[in-house]
Amino acid sequence: MNNAFFYRDQHFCAEQLTIAELAEQYGTPCYIYSRAMFTESYQAFANALGDYPGMICYAVKANSNIAVLNLLARLGAGFDIVSGGELQRVLTAGGDAARIVFSGVGKSADEMKMALEAGIFCFNVESEAELKLLNQVAGDMGRIAPVSLRVNPDVDAKTHPYISTGLKENKFGIAIDDAPRVYRAGAAMEHIQLQGVDCHIGSQLTEIEPFMDALERVLNLLEQLKQSGIQLQHIDMGGGLGVRYKDEQPIAPLQYISALKDRISKYGLELLLEPGRAISANAGILVTRVQYLKNNENKSFAIVDAAMNDLIRPTLYSAWQNIIPVKKAQGSKEDGVPASDIYDIVGPICETGDFLGTDRQMSLRQGELLAICSAGAYGFTMSSNYNSRNRCAEVMVDGDQSHLIRARETFEMQIAGEALLPADKDE
C-alpha cells in the first residue's frame, strides 16, 4: 500500500502538500488526513471481498467526522454504528440506512426506535434482555426488527485487555453456549426476524489464528441452529484487523478475507466485516508544535501543544505511535543542529499521564513541528475538553488541495450547552 505521508526534500508531506504549510494555515495541534489513503485502505477490503455476497461496514467509532463518512459512503461502504449519534452522523453524511449494522451492548429504546424508523440493515443484539426490549419496541411501532445475535466465542485475541472483546469475562455478546437457547427465544418473538450471527473478538489483531478459531466456533453454532430449524442469511466477523504502528506485521485484508471466503462459501452465507482502525489509522496524523524543552536531573521533556485530551491512546492503552520531525534536520552541531537527546513528548495537561510518547531519541528545537503518525483512528473521536482545552481542527488533504472538515473549537463553542445559575433571591 502506498503511503500518502512521506518526506520530500527533507519536508514531511501529505499527498502534494507540505505539513509545514498546512500547520501555518490551520494552526496546531491539528489532525491531517489523506483522502487517497482512506480510499486505498477501504478499497483493499472491498476488492478482497470482490463479487462475494456481503458488505464492508466501516466502524464509525474509529473516526466519525462526517467528511470521512461521506467519502466512504461515496465509495460504497456500509457502516457499523454503536449509538444513535453515530446513526445520525452516517445519515447526515449521505450513508445508506440499508447498509448500517447497529452494534453495542447498551442500546436504548429511543435508539432502537430511531434505527427502525431509518430502516437499518440489522441490529447486532448482545443480550437476551436487549432482544426482548427490541421485540417490544418493534411491536409498539408495528415493525419487524432484523436481528443478528453477537456471540462471544471465548477466544483469546492476544491483544491489549482493554480492546479484547471475545473472552467470556468480557461484557460483549452472548456466551456461545447460551446462543442456541437465545436464538430459539428470538425465533418465537413476533417482531424479531433472525438474519445472522455476529462475532467480534477484539482490536489490533495481527495474527489470523484467533479469527479462524472464532470462525470455527461460530460455524459449529450454525450447525446446531440448523438442527433446530433456524437458517441464517449472513455471518458478521466484526473488525479487529491490526495495522502497523511500529514493527507489527499485520495480516493483509486480501489474505484474511480469502481465508474467510474459502471457509464459509459452502454455507451460502453473506459475509459482513466491520473494519475501522484498518481503514483509518494510517490515513491520518496529528501535528503539534514544541513549546518548551525542559531537562530535569534524570529526564528530558519536549512539551508540545497537543495533549492527552487530543490523543489519549498513549495514556489509555500505553500505545506506541511514531513521532517524527516535520522538517528533517540537516548539517552538524557546528551548523546549529541541536544534539540528539532522549525525550518524553508530553502535553500541557495537569496529569503525569499526559504523554504522547516516551523515551524518543530526537534532535529538537523549541518551536519546531512534530507529526504523530497513525493517528487517523481513535484520535479526534476520543478527544475531550479536559482542562477546558478547545478541541483541535481536522483537515482533509486531496492531492494539492486541503479542506477544513472541522473548525478549531472556540471557548464559546465549548460552553455553548452550559448555563449560569439563576440569581439568588436576595440579590
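Read-outs throughout are calculated quantities, based only on the coordinates presented, and are distinct from any laboratory measurement. Remember, it's a predicted structure, so these values are computed and weren't measured experimentally. When we count neighbours, we look across all protein chains shown, and the Cβ atoms used for this are built from the backbone with ideal geometry, even at glycine.
Build a GNM of the chain with springs between Cα atoms under 10 Å apart, and of Asn295, Asn47, Asn390 the one that fluctuates most is Asn295.
Calculated mean residue ellipticity, 222 nm, the chain: -8000 deg cm²/dmol, from DSSP H runs (n ≥ 4) at -39500 (n - 2.57) each, averaged per residue and rounded to 500. For the chain, the residue among Thr358, Ile312, Thr206 whose Cα projects farthest onto the positive side of the dipole built from Cβ charges is Thr206. Comparing Ser383, Ser374, Ser340 in a Gaussian network model of the chain where C-alpha atoms under 10 Å apart are linked, the largest mean-square fluctuation is found at Ser340. Placing dummy labels 7 Å off each Cα toward the beta-carbon, the span from Gln136 to Asp110 is 1.7 nm. Ranked by the mean number of other Cβ atoms within 10 Å of their residues, highest first, the peptides 278-286, 54-62, 412-420 fall in the order 278-286, 54-62, 412-420. Along segment 356-368 the Karplus relation, 6.51 cos²θ - 1.76 cosθ + 1.60 evaluated at θ = phi - 60°, assigns HN-Hα couplings of 10, x, 10, 6, 9, 7, 8, 9, 10, 10, 4, x, 7 Hz to successive residues, with x for each Gly and Pro.
Straight-line reach from Lys132: taking Cα to Cα under 12 Å and skipping same-chain neighbours fewer than 8 places apart, the aspartates and glutamates in range are Glu190. Take every pair of alpha-carbon atoms less than 8 Å apart whose residues are at least six positions apart; their mean separation over the length of segment 35-279 yields a relative contact order of 21 percent.
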